[in-house]
Amino acid sequence: MRARSMFRLLSRIKLQMLLAIVLAVPSIAMAGTANAEPDATGTFAGKLLANCEYRYSGDSSNSTVYCPDTVSIGSNAGQSFTGVLKFDLSGFSGTVLEADLELFVTNNYANDEGSPELTIYKYNGSWAAPDTTPVTDALPAFYGGMHSRTFNITGKDGEWVKFNIAPLVRDSIAKGENELVLALAGSWAEEGMRFFHYLSFNTLVPKLNIAYTTSPIQLPSPQTRIAAGNGFTLSLQDDGTVKAYGWINGSKIEVPDNLTDVQAVYASNDCGYAIRAGGIVKALGDGCTVPAEVPNGNVVGLVLDGNAPAVLKNDGTIISWGSGQFKIPVEWENIHAPFKSVSGGYNHAAALTWDDDVVSWGSVSMGATDVPEDLPETTAIASGLNHSLALLKDGTVRLWGYYRAERPPEGLSNVGAIYANNNYSVAVLKDSGEVVVWGDYGLLQPPAGLRDVIDIAAGRDHIVALKSDGTLVGWGKNQHGETVNPAPPVGGLSWLPGSEIGTTKATIADENLHDEHYGDLTLRYRIGAAGSVRQPYAGEDPADYGFDTELQSGDELAVSPGQHIYVVAEYEEEGEDGIDKKIAYWSDVDPVVAGAPPTAPNVSADDASNTIIGLTTAMEYQIDGGAYVRYDGTSAPDLTGAHTVKVRVAADPATGTPAGAAATLSFTSNPPAPAAPNVSADDASNTIIGITTAMEYQIDSGAYVRYDGTNAPDLTSAHTVKVRVAADPATGTPAGADTTLSFTPPSTPDPSTSTPSASQDRGVDVLVNGKVESIGAATTSTRLDQTVTTVIVDEHKLEQKLAAEGQKSVVTIPVNTKFDVVIGELSGRMIQSMEQKQAVIEIKTDKATYTIPAQQINMSSISEQLGKTTALQDINVQIEIAAPNENTVKLAESAAQKGDFSIIVPSIDFIIRAASGDKKIEITNFEAYVERTIAIPDGVDPNKITTGIVVEPDGSVRHVPTQVVVIGNQYFAKVNSLTNSTYSLVYHPVTFVDVDRHWAKTAVNDMGSRMVINGIGNDVFNPDQAITRAEFAAIMVRGLGLKSTSGDTSFSDVKTTDWFSGAIQTLYQHKLIDGFEDGTFRPTDTITREQAMKIIAQAMVLTDLKSKLIAKESATELKPFTDGNTVAEWAKTNVADVIQAGIVTGRSRTTLAPKANISRAEVAVIIQKLLQKSGLI
């Protein structure tokens, strides 16, 4: 056993003690800690009686004694120097709290062996300074007695330095000595100088300052709120009662009703204890008693594990009753008392003294009592099975004991509290309240994201954290609910209105109710008022909550208004006395109850304008006996012609209200639409000839404007104008066919122009890394009634600029005037050079910006297609932004009508072509996502931009990842895609009624609005239903905005005629799936979470999210999950990547459920997170 002492400032006693009791509560033995000073304190200055120096050579037994003004300590050139001080203690009376030796240190010399050091010895013999110096004399036996720790004198020069010598002073006081003789020994240097000086003249003489008290020591009552042992946890409540979780000695812990006025809880590994007001200890747990040696009052700290039991009393004394070495030495009461806290393990105990010294006693075999000699100032202690911890003043941690005990992690700092049990240790960081665990073999790592922790209960195989908001978070082994974790929601359980008014129907997705972690589950329920049943903890007995009625799929339950249905999923576990039933999951259900149908709505037919007056989004309509369609505020039906329409209030699954009675409306045929009007373009005067007030016009695909005789449009510059006869609501006549007119910008005839359709070249500024360079020439021409501006970049000049700018330059071709088509043209050799320099090309117009890395153009592939013999300088590459032709516009408008969405911003074409001679190809696909930025015009609500889409030539629509951003003062839509095409920005709001109270509501509705996921009809999504592998493949294709491919399939069980064939083949071509070893894909099987995570991880490579991850072992990411070791080997790396990226966090803090089926809601969430984390939405 060893004792070790160190200095600590009296002025900081109160602060340090307060921190110790708030934060430092070792789990295996609670620390009772002083946080207040004694009632009366004082300081005593010992008078310096003598100050001398012994100087001697290493090969001599004699030394020379000096008593100079400057004393040397250490060694130099084969000589050693020892200082001796004598102080007067006569007249001192009281209890020593702290004692400091103060020296004014100068001339600090270090060598290769290190800085000077100082060890202070208490000399027990008599010593007197010589009358005159120098004197040659033998060196007294200064080094055989009690001594301080070794202090490092690093960097001390010209300043007062204090050294804690409280144990040395206490020893002298206890022995009744009136003088204190101290020998100051330095460090020996084999070579060079390793010493320092201290001064001893005028006001710089050495000082002895003693802080003491004459009143009794009174430690405050302990305040430990949580404690844990082997399979149980105790929690102190605000009202002074105790809650217990788990079992002790095979029985559930019963807390007596009369156990009140509790101030702290403590746990040994086998029993629980409550410390009541007055320091009275009460035992908790079957077979647990308070040892007879524990006093009936005044207890502030306990160590009741192992062979070194001890009690800390509120007067700072320790009672221990171990035998032999397991009992604290009696003399330590004189040397080290008073004590502030105690801790203990299996074969040792430790105590923290008032002056922040650590002492330890017990078996020396494991090293737990070997307190480091150089241990700095300590603010808290904790003990595990065979090791101990010290929290140092600087926020770092030291550990000693069993050689296999894992040492604190490298770089661990800013620690506010420490704990230990078994072979593991715990630290809580000051500022963040984060938890660090080591020595646990990876079994007790804290849940991801855990913060704001203020206290820890470290059990044998589990840990519970108390957060600043008063909540408890537990992890580790959970036999009987000791981890105090609220049971997570029951999965696969949904509710629909029952067949009778006032009833609700249960639907259970997994009929077998088998859980990968718990095995077979049984659902039980009870009905009660809202809030009448608290959420149980995982592992508790369902019978304690009155859950005794089994729930099966299809059961219809009668529920009164205000009542909830409480459901638990229980599992069976073999216990000591038979089979135990325990809670795995639970749900508090505000049920959807069947209600009475609404009456017919108050709507009417406006036959002239073919609209329904009074139609709201709560209603649905049926036309001529067809299916009912829910009105969403934008998809009004086309009622031209004769129709019978029924309108009713739609069913509301959220409230259980069925569809209401229908109102029937009749519409008659309207007059035919007028023919296209006889109007023409006067391009010279920029006017429309023949327009009348019965007509309306549209400019450049904008909205139609009724002509009133005064609002003639400004048609300067290039425009495409459509004119038609406006609709007449009075007669029901619809708008007529349109006449299309073209207007061109005014120009001055140039006799030198050789081609009527093209203008002369003019200089254009091109930006290289934002620097303006005159290296472009522009021509203007027409193509199919569209104005075209082509900017040709000078190859030689651009090459010079790129060589000067270096790698990864950005070349921007800006065209600020309004044209239908803008083309940037570069030679193939120029593109190849930019590829090698990793340069990026931007074509920038007032409507859009096309940003493409040169590498994505892929000149090697282009050269292969145009002919390898073709020189690159003879290949022209054109990058184009264009308004689509009329046919494409009509196709998009037709798709919008069919798809129930609105086009908010006119469509834009993005095209890349390459040509050499008469050979031309179009680049349509890229290896990585390419960004297009589309300007949102002023006056367009950016909140109405739901997503971007591509309308395929067959009229089908696919989502492309889109996000709305603000650049400067304007809104833009960033569209990322792997293809070139025509892109449109649309409004497509979707709200599923059955996710209104679901945890995944936001993600489900977002992905539905983006056309990534679909419902099952009637605005119902069924979020908890499992999903098939084919359905998941289709959602992945839609989410990533991939263009579906066709052709032969790669799997034996996927036919080209299957609806999912294109989606599966698309994922296969993008290397996102590989199927099973037997060559099948098994499209109709439900997909597990680990299978889905593997595909998501592959998609992270495609979106470039994978490259942003930190390289880690997969075990690191899986460690927080108790079922992490069940992840299949083929999926571990992928699952770890998805977890690190923050796409998947587990079904609970400790459960990953890799083998469980993934639900539709979970798919929506992970697809949304994949796109968000990849920066695509």
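Results, tabulated for the structure shown:
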read-out	value
Segment 300-356 - residue that is part of a helix (DSSP H, G or I) and touching a strand residue (DSSP E or B) at 6+ places or on another chain (Cβ under 8 Å) and, of those, modelled with the lowest pLDDT	Glu333
Spans of strands (runs of 3 or more DSSP E) in segment 832-904 with at least 2 residues among the aromatic types (Phe, Trp, Tyr)	none
Test: Lys1001 is under 30 Å from Val592 (Cβ atoms), without any contact (Cβ under 8 Å) to a residue 24 or more places away in the chain and not β-branched (Val, Ile, Thr)	yes
Filtered residue count, segment 474-487, keeping only those that are at negative phi and surrounded by 20 or more Cβ atoms within 10 Å (Cβ to Cβ)	8
Candidate set from segment 1103-1122 (those that are charged (D, E, K, R) and farther than 18 Å from Ile1166 by Cβ); member that is surrounded by the fewest Cβ atoms within 10 Å (Cβ to Cβ)	Glu1113
Residues of segment 711-742 classified as touching a Ser or Thr at 6+ places or on another chain (Cβ under 8 Å), of a type outside the set (Gly, Ala, Ser) and at pLDDT below 85, total	2
Residues within segment 698-749 that are under 23 Å from Asp607 (Cα atoms) and either assigned to a loop (DSSP other than H, G, I, E, B) or in contact with a Phe, Trp or Tyr (Cβ under 9 Å, 6 or more places away or on another chain) (or both), tallied	13
Any hit, segment 105-117, residues being out of contact with any strand residue (DSSP E or B) (no Cβ under 6 Å at 6 or more places or on another chain), modelled with pLDDT of 90 or more and assigned by TED's automatic domain parsing to the domain that holds Met193	no
Flag for Gly1017 being surrounded by fewer than 18 Cβ atoms within 10 Å (Cβ to Cβ), under 30 Å from Ala618 (Cβ atoms) and among the small types (Gly, Ala, Ser)	yes
Residue, surrounded by the most Cβ atoms within 10 Å (Cβ to Cβ), within segment 134-185, restricted to residues that are hydroxyl-bearing (Ser, Thr, Tyr) and under 55 Å from the mean Cα position of the chain (by Cα)	Ser148
Residue in segment 188-197 that is in contact with a helix residue (DSSP H, G or I) (Cβ under 6 Å, 6 or more places away or on another chain) and either modelled with pLDDT of 95 or more or crowded, with 21+ Cβ neighbours inside 10 Å (or both) present	no
Cross-chain or 6+ apart pairs with Cβ under 7 Å, segment 516-536 first and at positive phi, then outside any loop (DSSP other than H, G, I, E, B)	Gly519/Tyr571
Lone unmet requirement of (1) surrounded by fewer than 21 Cβ atoms within 10 Å (Cβ to Cβ); (2) over 30 Å from Ser215 (Cβ atoms); (3) hydroxyl-bearing (Ser, Thr, Tyr) for Thr317	(2)
Candidate set: segment 864-889, residues that are charged (D, E, K, R) and modelled with pLDDT of 85 or more; chosen: the one surrounded by the fewest Cβ atoms within 10 Å (Cβ to Cβ)	Glu864
From Asp700, Asp632, residue being at pLDDT below 85 and among the charged types (D, E, K, R)	Asp632
Failed condition for Val951, given (1) surrounded by 18 or more Cβ atoms within 10 Å (Cβ to Cβ); (2) over 24 Å from Gln856 (Cβ atoms); (3) of a type in the set (A, V, I, L, M); (4) modelled with pLDDT under 90	(2)
Test for Thr720: is it free of Cβ contacts under 8 Å to residues at least 24 places away in the same chain, under 53 Å from the mean Cα position of the chain (by Cα) and either under 30 Å from Val593 (Cα atoms) or surrounded by 18 or more Cβ atoms within 10 Å (Cβ to Cβ) (or both)	no
Residues that are aliphatic (A, V, I, L, M), outside any strand (DSSP E or B) and over 15 Å from Leu1152 (Cβ atoms), drawn from segment 444-457	Leu444, Leu450
Count - residues of segment 562-616 that are touching a residue at least 60 places away in the same chain (Cβ under 8 Å), closer than 21 Å to Tyr631 by Cα and of a type in the set (Gly, Ala, Ser)	5
Count - residues of segment 650-680 that are within 30 Å of Gly502 (Cα to Cα), assigned to a strand (DSSP E or B), in contact with a strand residue (DSSP E or B) (Cβ under 6 Å, 6 or more places away or on another chain) and touching a residue at least 40 places away in the same chain (Cβ under 8 Å)	2
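The values are calculated or read from the model by the stated rules, or taken from the named source; none is laboratory data. Just so it is clear, the structure is predicted and the values come from calculations on it, not from any experiment. Methodologically, a virtual Cβ is constructed for each residue, glycine included, from the backbone with ideal geometry; neighbour enumeration extends over all protein chains shown.
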